[in-house]
1. Return the pairs, sorted by first residue and then second, in which the second residue is assigned to a helix (DSSP H, G or I) and among the basic types (Lys, Arg), the first residue lies in the stretch 1-23 and is closer than 22 Å to residue 60 by Cβ and open to solvent by 50 Å² or more (accessible area, probe 1.4 Å), the beta carbons are less than 9 Å apart, and the residues are 6+ apart or on different chains.
2. Within the stretch 1-113, considering only helices (runs of 4 or more DSSP H) that don't extend past its boundaries, which have at least 2 residues that are at pLDDT 85 or above and under 26 Å from residue 128 (Cα atoms)?
3. Which numbered condition trips up residue 132, out of (1) within 20 Å of the chain's Cα centre (by Cα); (2) at pLDDT below 75; (3) surrounded by 11 or more Cβ atoms within 10 Å (Cβ to Cβ)?
4. I'm checking my understanding of the structure. Among residues of the stretch 38-52 that are open to solvent by less than 50 Å² (accessible area, probe 1.4 Å) and touching a strand residue (DSSP E or B) at 6+ places or on another chain (Cβ under 7 Å), which one is farthest from residue 101 (Cα to Cα)?
5. Just need a number here: residues in the stretch 93-105 that are buried (at least 17 other Cβ atoms within 10 Å of the Cβ) and within 15 Å of residue 37 (Cα to Cα).
6. Can you pull out the residues in the stretch 106-128 that are open to solvent by 60 Å² or more (accessible area, probe 1.4 Å) and in contact with a Phe, Trp or Tyr (Cβ under 7 Å, 6 or more places away or on another chain)?
Amino acid sequence: MPKYLLLKHYRGAPAAVNDVPMDQWTPDEVSAHISYMNDFAARLQASGEFVDHRALAPTGTFVRYDGEGRPPVTDGPFAETKDLIAGWTVIDVDSRERALELAAELSAAPGAGGKPIHEWLEVRPLYGEQPIIVE
């Protein structure tokens, strides 16, 4: 079965329908969102389609090698991943269509006011996996 990465973005994707940033949600709204995400993962664990999911902290640093004996170079003139990627879910499903179906369901996680976010999720097959593409 091919594995897919469902990427949640802070920025860089089209705006969600309910586009209130999480840091402006009430504690109850955050709890409802996390509960939805955990329930989603539990259902996929039961069906054998779950691999992993993680939320990312809003801080981080880009690092690159700058030559032997030199200190690593941090950050640079490019978009910061910490500003773009909020978290991910990895799934192991029978088809691309199933990956899209699950991403659409995950997009409905509640946000501000308890209303679904309807956020855009990026769906990408993991490199080296053989996705089943039905046309």
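The values are calculated or read from the model by the stated rules, or taken from the named source; none is laboratory data. This structure is a prediction, so every number in the text was calculated from the model and none was measured. Glycine gets a Cβ as well: all are built from the backbone with ideal geometry, and neighbour counts include every protein chain shown. With ligands, DNA and RNA removed, areas are computed over all heavy atoms of the protein, side chains included. Shrake-Rupley method; radii C 1.70, N 1.55, O 1.52, S 1.80 Å.
1. 10/82
2. 27-47, 96-106
3. Against the list (1) within 20 Å of the chain's Cα centre (by Cα); (2) at pLDDT below 75; (3) surrounded by 11 or more Cβ atoms within 10 Å (Cβ to Cβ), residue 132 comes up short only on (1).
4. The qualifying residue farthest from residue 101 (Cα to Cα) is 52.
5. Looking only at that region, the number is 2.
6. Selection gives 124, 125.
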